[in-house]
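In what follows, a single structure is set out as structure tokens and then discussed.
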Amino acid sequence: MAGYVIPHTVVGAPLHGGSVRAPADVFNSIFEVFLGLGTLVGVVVVAYTMYHALKYRESASEDDPYADKVERPSMGELPTGGSGGRKVFYSFGISAIIVISLIAWTYTTLLYVETAPEGDNIDAMEIDVEGYRFGWTFRYPNGYESSTLRVPKDRVVELNVTSRDVFHNFGIPELRVKTDAVPGQSTSAWFTAPETGTYEAKCYELCGSGHSVMTATVRVMPGDEYNAWYANTSAPNETAMASNQSASLAPRESASVAPTAPAAAPASLTAPQEVPA
Ligand SMILES: [Cu+2]
């Protein structure tokens with residue numbers, strides 16, 4: 001799926017300052033379209049039903065204006081006759097057109113969320129996420145580890161999520177990001193945060209008695225503030241790292257994950273250490 005490019009005409013222009021449309025916006029627009037269409041169809045169907053129920057209601061009085069004009073069905077009677085398939089078309093044809101269009105549009109839109117955007121102008125940062133009973137560890141490209149996830153605003157953040165023990169599921173509801181954390185496997189998810197602030201990450205897979213407290217703080221910081229903070233971080237003690245970390249979480253050798261301001265890059269970033277297997 002690498003290199004999937006969905007034109008912006010399909011998924012809409014970014015709603016925020018960043019050059020990449022946030023997955024949260026994509027999910028929100030899908031929700032709004034479904035809510036709008038569902039409401040419209042609901043109003044039309046209920047109004048049509050109410051109108052006819054009232055218009056053709058049985059009247060107790062003698063002066064029923066429709067007495068001679070309509071033949072009301074009796075309870076349990078099935079409709080007879082037809083009008084050249086018009087009703088069938090209205091009932092099934094229009095529904096099918098709406099449903100198939102929605103499926104096609106939703107599928108195309110979700111492809112955009114599926115794979116993190118790539119390109120020369122996209123300065124993505126990769127963070128490894130490891131779940132355990134009961135908490136989360138975030139590991140940055142320079143090896144720094146923390147139980148708080150700090151990310152810069154308006155930048156593509158790619159998460160590689162795994163678990164140390166049992167099945168977990170990492171999610172930040174406000175940023176519309178959620179993915180499985182499976183021991184021995186790495187799943188990926190991405191997001192951009194268009195607003196600075198503090199959010200909460202939670203576990204979405206019942207994993208034991210501490211599941212409900214398996215949360216982590218997510219701080220979205222202005223880009224320059226983030227770079228200044230990141231420049232002061234470094235990998236934990238090398239020996240400790242080698243002894244208690246799995247090889248799958250070794251810092252990635254990637255120049256593309258360096259912070260935007262080269263001056264702020266710590267020396268350790270330029271030469272990531274491979275953890276011995
Ligand atoms: Cu969990």
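The values are calculated or read from the model by the stated rules, or taken from the named source; none is laboratory data. Note that the structure is a prediction, hence the values are computed from the model and not measured. Reconstructed Cβ throughout: ideal geometry from the backbone, glycine too, with neighbour counts over all protein chains shown.
Flag set for Gly119, criterion: small (Gly, Ala, Ser) and under 23 Å from Val20 (Cβ atoms). Checked against the criterion of being assigned to a helix (DSSP H, G or I), at pLDDT below 90 and either surrounded by 14 or more Cβ atoms within 10 Å (Cβ to Cβ) or assigned by TED's automatic domain parsing to the domain that holds Glu130 (or both), the candidates Ser243, Ser234 yield just one match: Ser243.
With respect to Asp64, is the statement that it is over 30 Å from Phe92 (Cβ atoms), at pLDDT below 75 and out of contact with any Ser or Thr (no Cβ under 7 Å at 6 or more places or on another chain) true? So Asp64 passes the test. Residue-level check: of (1) more than 20 Å from Val213 (Cβ to Cβ); (2) in the same structural domain as Val220 (by TED's automatic domain parsing); (3) surrounded by fewer than 16 Cβ atoms within 10 Å (Cβ to Cβ), Ala104 misses just (2). Considering only the range 114-122, I want to know if a residue exists there that is touching a Lys or Arg at 6+ places or on another chain (Cβ under 6 Å), over 28 Å from Glu32 (Cα atoms) and of a type in the set (Asp, Glu). No, the range 114-122 contains no residue that is touching a Lys or Arg at 6+ places or on another chain (Cβ under 6 Å), over 28 Å from Glu32 (Cα atoms) and of a type in the set (Asp, Glu). Evaluation of Arg155 against the conditions (1) more than 16 Å from the ligand (Cβ to nearest atom); (2) within 20 Å of Tyr230 (Cβ to Cβ); (3) assigned to a strand (DSSP E or B); (4) not β-branched (Val, Ile, Thr) shows that the sole unmet condition is (3).
Selection of the range 176-208 for residues being surrounded by fewer than 18 Cβ atoms within 10 Å (Cβ to Cβ), within 14 Å of the ligand (Cβ to nearest atom) and touching a residue at least 40 places away in the same chain (Cβ under 8 Å) yields only Gly208. Residues that are surrounded by fewer than 16 Cβ atoms within 10 Å (Cβ to Cβ) and in a loop (DSSP other than H, G, I, E, B) were ranked within the range 209-219; the one that is farthest from the ligand (Cβ to nearest atom) is Ser209. Within the range 126-143, the set of residues being away from the ligand (no atom under 12 Å from the Cβ) and touching a helix residue (DSSP H, G or I) at 6+ places or on another chain (Cβ under 8 Å) comprises Glu126, Asp128, Arg139, Tyr140, Pro141, Asn142, Gly143.
For the range 158-175, filtered to residues that are touching a Phe, Trp or Tyr at 6+ places or on another chain (Cβ under 8 Å), within 15 Å of the ligand (Cβ to nearest atom) and hydrophobic (A, V, I, L, M, F, W, C), the residue that is farthest from Asn227 (Cα to Cα) is Phe170.
Is it true that some residue in the range 220-231 is within 16 Å of the ligand (Cβ to nearest atom), more than 25 Å from Pro23 (Cα to Cα) and modelled with pLDDT of 90 or more? No: zero hits. Among the residues of the range 110-145, those identified as of a type in the set (Gly, Ala, Ser) and either in contact with an Asp or Glu (Cβ under 8 Å, 6 or more places away or on another chain) or in contact (Cβ under 8 Å) with a residue 40 or more places away in the chain (or both) are Ala116, Ala124, Gly131, Gly135, Gly143.
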